[in-house]
1. Taking the Cβ of T61 as the center, what net charge do the other residues with Cβ under 13 Å away carry, scoring Lys and Arg +1 and Asp and Glu -1?
2. For the stretch 675-754, which GluC sites (Glu not before Pro) are both in a DSSP coil and crowded by at most 11 other Cβ atoms within 10 Å?
3. Let me understand the chain better: what is its radius of gyration from the alpha carbons, and its Dmax, in angstrom?
4. DSSP loop GluC sites (Glu not before Pro) in the stretch 792-886 with at most 11 other Cβ atoms within 10 Å of their Cβ, which ones?
5. Which log10 I(q)/I(0) values, to two decimals, does the stretch 294-410 give at q = 0.11, 0.18 Å⁻¹ under the Debye formula with one point per Cα?
6. Quick check for me: using +1 on Lys/Arg Cβ and -1 on Asp/Glu Cβ, what's the dipole size of the chain about its Cα centre, in debye to the nearest 20?
7. Tell me, in nm to one decimal, what length is gained between A895 and E678 on full extension, where the rule is 0.36 nm per residue of separation less the Cα-Cα distance?
8. Output the 0 to 90 degree angle, nearest 10, between the alpha-carbon long axis of helix 317-333 and the longest principal axis computed from the alpha carbons of the chain.
Amino acid sequence: MSTLSYKKFEDSDSGVLPDKMTVFQDCLQAFNASPVQAKRCRMLLARLLRLLYSGDSFPSTESTTLFFSISKLFQHKDVSLRQMVYLTIKELSKTSEDVLMVTSSIMKDAQNGDITYKPNAIRTLARVLDASTVNATERLFKNSVVDKNQSISSAALISSYHMLPVAKDVVKRWTNETQGTITASKVFLTSPVANHEQYGSQNLSSFIYQYHALGLLYHLRNHDKMALMKMIQSLSSNNVLKHPAALVQLTHYIAKVLETDSSLAGNFESYFEIALQNRSDMVALEAVKTIVTIPALSGLIVKAIYVLDSFLSAPRTVVRFAAVRLLNKISLTNPEHIVVCNGSLESLINDSNRAISTYAITTLLKTGNNDNVDRLIKTIAGFMDDISDEFKIVVIDSIRSLSLKFPEKHKSMLSFLNDRLREEGGFNLKNSIIEAIFDVIKFVPESRESCLEKLCEFIEDCEFTELAVRILHLLGNEGPKTSKPTLYIRHIYNRVVLENSIVRSSAVIALSKFALIGDASINKSISILLTRCLNDVDDEVRDRAALALKLLSTEKFDEARAFIDPGFSYSLPVLEQKLAQYVNGDEESFNVPFDGSNIPKISEDEARAYEYKEKLNSMEESIQKESKQPKEEVSEFAKHNLLQQQYAQELSNIPELAAYGDLLRSSHVVDLTEKETEFVVTCVKHIFAGHIVLQFNVENTLTDLQLDNVTMVSEPDFEEFVEDFVAPIESLRPQTTGSTYVSFTRSETLEGCLFTNNLTYIAKEVDPATGEAAEGEEGFEDEYRVESLDIVPGDFIVPSFAGNFTSVWDSLPNPCSSVFNLSDAKGIAEVVAKLIKDSSMSPCDSSELVGSHASHTLKLFGKSINNENIAAVIRFVYKESVGVMVKVEAKSVNAELGTFFVNEIIV
């Protein structure tokens with residue numbers, strides 16, 4: 001179709017889909033006409049494809065009729081018409097019946113057809129084949145894969161992807177041909193009909209077939225680790241790959257290998273050094289991204305940063321954006337490394353692309369110093385009006401981090417935040433500013449009064465109820481601590497007069513907290529104001545005011561503070577689950593009052609810390625979705641509590657465990673077998689006051705074997721652990737999962753123990769017809785050895801949050817320490833990650849972020865199952881000759897737990 005004809009065709013009904021029945025009737029008439037008019041048929045096929053591509057479809061009967069009518073067009077020799085025919089056949093083959101009838105025509109074109117549409121024929125052939133007919137085309141696909149025309153070869157390789165689900169064994173047979181394609185030299189060949197022989201003889205090649213062949217080989221060898229590793233090492237050691245997409249794909253595969261085995265990093269360092277110098281921007285950027293992500297490649301990070309520095313002045317916007325975003329990611333963990341790029345980053349502050357300028361600013365803020373902070377903030381203020389709220393939030397978060405880093409500069413930063421607070425903006429932007437001011441109040445005490453004053457001005461015109469409530473809560477907590485607390489009482493009482501019932505209720509509680517100071521004049525004023533609230537139209541406001549007046553009238557401020565300002569909140573997900581269970585119980589359950597004593601309590605600092613940590617983790621995702629709100633997720637602390645409640649509910653259904661009391665702690669899931677074995681076994685350790693219960697989850701991956709009376713024989717190496725009972729799995733059918741429990745009585749002392757485990761069962765063969773074991777079959781007894789299981793200190797510790805780790809560390813008694821040498825460790829990062837998981841403690845002061853230094857300090861805090869604090873400081877030093885040297889220091893209320901921790905945390 002000529003450009004003019006196509007334009008006329010598009011303009012005739014642009015923006016409006018053609019009528020489906022009209023197209024159907026016109027197609028049948030034109031395709032069955034004699035002689036066939038190629039131009040008209042092309043136009044009708046274009047209309048038909050437009051319908052199909054827009055999501056419309058035909059019923060199976062009509063689709064089959066169209067399919068066979070189109071197959072008659074194979075008699076016409078027009079090359080352009082044949083291309084349109086193949087495009088349409090691929091779409092109709094999804095809904096048509098008896099599509100195999102055209103296989104012979106397609107195979108004829110795929111073997112001897114014109115070069116112009118031969119790739120189309122190969123791709124279409126893969127869509128109409130099934131498992132019974134694919135063997136007949138094996139030779140055709142093999143020849144196409146090794147064809148010297150790269151269009152034909154790429155079409156065959158791509159078609160092989162589509163054939164993997166139905167004929168993977170057949171596709172594996174041309175693995176050698178696919179391997180040879182990567183190193184072969186292929187060119188573009190054009191059709192003699194198009195009279196482009198001269199162009200075809202220029203021996204041009206884009207090497208795109210290497211990308212397709214590499215992807216297919218990975219799919220074929222993905223389950224063979226040795227073959228996959230051999231292929232990756234071979235391709236990375238020689239310079240055979242030419243296409244940038246193939247090199248990027250190979251970099252992906254290397255990253256996956258290093259994620260599972262970081263010890264192989266030395267084998268690929270030369271590859272990454274070459275990739276960093278590749279003339280293709282995408283290859284170099286992907287190499288930098290992998291170096292930044294994989295800790296084992298940290299030795300190349302300096303070279304990677306120099307490459308990014310050169311990309312900051314690239315003419316292409318997308319390259320500058322990718323480079324500055326990677327630098328921003330590096331600045332989160334290693335800001336000292338990117339100081340060399342500050343000059344280039346400052347030149348991007350006024351970049352025409354606001355996304356680039358925002359990333360440049362936030363990266364500079366992370367590496368800022370006392371000399372350039374004021375200048376950076378002034379520059380930021382100049383372009384804040386030109387960026388979206390989502391990018392403003394990123395800037396605000398960087399300002400918050402900087403204000404904590406340089407507290408002496410808090411005045412200029414507060415002025416910037418206050419100006420942004422007065423401007424127009426959505427809830428998320430205002431909330432991020434409020435969060436920043438809250439953190440400044442918390443970590444820069446001298447800024448408290450100026451921050452509270454700005455917040456009082458903001459709530460006068462605040463349109464968001466949630467923010468007004470949070471600010472009132474803060475004023476109630478921080479206002480009484482200031483030198484002039486009466487200054488804030490007026491602002492709070494204004495909310496009682498002017499706002500909705502939710503804000504008025506919060507204001508009543510905030511006012512009552514000022515009476516806890518103990519000043520008689522203030523108490524009298526607060527009592528007068530609260531008395532006025534007794535006439536409020538909302539019952540919630542009246543009830544809160546009445547309760548506050550009753551508590552304050554007793555002048556027992558300790559009792560009043562326990563109700564008005566408890567200093568903690570309940571875990572809301574767990575509270576909701578408990579209430580739902582209570583409400584949905586039988587009628588007798590209502591005779592017993594609701595018991596909230598076993599609901600976890602969360603301090604406000606702890607809840608905010610987990611929320612802030614999750615916000616930082618999701619920042620990279622939310623910034624890319626400018627028009628979407630970030631998805632709210634349950635915090636790790638809440639997830640842990642929910643999982644504990646789920647375990648507790650499941651265990652309470654077992655009669656033998658009902659008398660054990662409350663579940664104190666459940667461990668992470670521990671793998672006792674490989675994922676590829678016939679029986680996959682995992683374990684969860686449940687700690688009770690005087691018992692430990694081992695829950696073994698067993699998955700039967702076999703399809704022809706049923707397991708009966710499945711039990712785990714666990715033998716402890718410590719005599720203090722005495723087995724109570726074993727709850728077996730009565731029957732484990734093929735490809736199902738069940739749980740068996742083993743209970744032990746343990747001493748009150750905190751001791752480690754090693755359990756050796758044997759899975760015992762009665763195996764019965766399954767009838768393939770019924771999927772069940774034959775009736776009357778006795779089966780045979782067998783056992784399956786799984787890995788041993790350790791009781792570690794983390795099984796007795798619950799993660800918790802410390803707002804000021806140094807203060808907590810200094811207050812704890814009973815210090816103890818121990819030293820270890822991990823000669824097999826390849827870096828500090830992997831040891832830190834393992835210790836955080838094994839200890840079940842929360843890292844403090846961002847110590848979980850490991851830089852590229854040869855030393856590191858990890859700070860951990862948690863509570864024992866008896867609610868006793870424990871803190872640990874673990875220092876690491878890495879030397880290539882000796883590995884990682886570790887010094888573990890711990891302080892705890894329970895000296896026994898501290899000793900157990902330092903001696904057994906590294907096993």
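No value in this document is a laboratory result; all are computed from the given coordinates. Quick caveat, the model's predicted, so the values are computed rather than measured. Note: ideal-geometry Cβ built from the backbone for every residue, glycine included; neighbour counts use all protein chains shown.
1. Local net charge: -3.
2. Hits after loop and neighbour filter: E676, E678, E719, E748.
3. Computed over the Cα atoms of the chain, radius of gyration and Dmax are 34.9, 106 Å.
4. Here the sparse-neighbourhood loop sites are E880.
5. Scattering profile of the stretch 294-410, log10 relative to I(0): -0.34, -0.90.
6. The calculation lands at about 4960 debye.
7. Result: 73.7 nm gained on full extension.
8. 40 degrees
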